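J.: I have a structure here, written as structure tokens, and I will follow up with some questions on it.
What follows draws every value from the coordinates through simple rules; no lab data is involved. Only a predicted model underlies this, so the values are computations on that prediction, with no experimental measurement involved. Here Cβ is always computed from backbone atoms with ideal geometry, including for glycine, and neighbour counts include all displayed protein chains.
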Amino acid sequence: MAKEFWNSKYSTEEYIYGTEPNAYFKSLLDNYKPGSILLPGDGEGRNAVYAAKKGWQVTAFDYSTTAKEKAEKLAKKEHVKINYFVSDIETFSLETKFDLISIIFLHLPPDLRSLAHRNLIHHLKPGGKMILECYAKEQLAHKTGGPKSIDLLYSKELLKNDFQELKIQLLIQEEIYHSEGTHHQGKASVLRMIAEKN
């Protein structure tokens, strides 16, 4: 079901979330020394391509084959190389562990979410960082992007529980204004996290 939904959503010429990187992701990445990065649910590749332009070794994936095609097209246009594959987030397995994993607006049903987050933690190197921006439950009132079901939205408590084996360095909820393509426009309630693996 999810694959069909996202393939349909991405089957436009336009990049529905734009081609510029997520602002929070960019603000952090610009201050980190490049290394290996994993981008789960990276959609049309805007963040993967930006990371590659900044010198990172990029691995990204998504449910959607259409997203992969658009991400690779964007990478080619920007003259960078990304390793992009199609996979479920809760079951993917790589031998590689990463210096940085970035979760940007990746919303999953509760039963899959906890499995996916555990799987991502497993793929993080000791000393590696996990960064996240997602919609808080209060986002339902804004109607400026994100899931329409409260079960797919997050809270601080939920994130603390899912990432309890990491050292959480920052976890805040903020009201922001964002402009990302045609699907993320206007005032939004987001959660932002930085955590490190011991």
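J.: Return the long-range amide H neighbours of Glu196 (sequence gap of 5 or more, or a different chain), with a cut-off of under 5 Å between placed amide H atoms.
T.: Amide H neighbours of Glu196, under 5 Å, 5+ apart: Met130, Lys167, Ile168, Gln169.
J.: Give the residue list of trypsin sites (Lys or Arg not before Pro) in region 82-144 that are DSSP loop and have at most 13 other beta-carbon atoms within 10 angstrom.
T.: Answer by residue number: Lys143.
J.: Suppose the chain between Ser179 and Gln164 were pulled fully straight at 0.36 nm per residue; how much longer would it get relative to their current alpha carbon spacing?
T.: Net length gain for the segment: 2.3 nm.
J.: With each label point set 7 Å from Cα along the Cα-Cβ vector, what nm distance links Glu14 and Ser27?
T.: With each label point 7 Å from Cα toward Cβ, the separation is 2.6 nm.
J.: Take the residue pairs Lys129/Lys187; Lys97/Lys197; Lys129/Lys160; Lys143/Lys187; Lys26/Lys129; Lys54/Lys77 and return only those whose Cα atoms are more than 18 Å apart.
T.: Lys129/Lys187
J.: So, one more: Between Lys97 and Lys125, what is the spin-label point distance in nm, taking each point 7 Å from the Cα along the Cα→C-beta axis?
T.: 1.0 nm
J.: For the chain, what is the convex hull (Cα atoms) projected area averaged across all directions, in square nanometres?
T.: The Cα convex hull of the chain, projected and averaged over all directions, gives 9.9 nm².
J.: Tell me the net charge near Phe61. Cut-off is 11 Å between Cβ atoms, Phe61 excluded, with +1 for each Lys or Arg and -1 for each Asp or Glu.
T.: My count for the surroundings of Phe61 gives -2.
J.: Might you report the magnitude of the Cβ-based charge dipole of the chain about its Cα centre, with Lys and Arg at +1 and Asp and Glu at -1, to the nearest 20 debye?
T.: 420 debye
J.: Continuing with this model, one more query. What FRET efficiency do you get for Leu171 and Leu115 if R0 is 35 Å and r is their Cβ-Cβ distance, rounded to the nearest 0.05?
T.: Working from the Cβ atoms, E equals 0.95.
J.: Also, I was wondering about something else. In terms of Cα to Cα distance under 13 Å, which aspartates and glutamates are near enough to Lys137, apart from those fewer than 8 places away along the same chain?
T.: Within the straight-line limit of under 13 Å, Lys137 reaches these aspartates and glutamates: Asp151, Glu157, Glu174, Glu175.
J.: Which of the three applies to region 116-157, rounded, prolate or oblate, going by the alpha-carbon gyration tensor with a ≥ b ≥ c and a/c under 1.5 meaning rounded?
T.: Verdict is prolate for region 116-157.
J.: Let me ask another. Ranked highest first by average number of other Cβ atoms within 10 Å, how do 54-62, 168-176, 81-89 line up?
T.: Sorting 54-62, 168-176, 81-89 by mean packing, highest first, produces 54-62, 81-89, 168-176.
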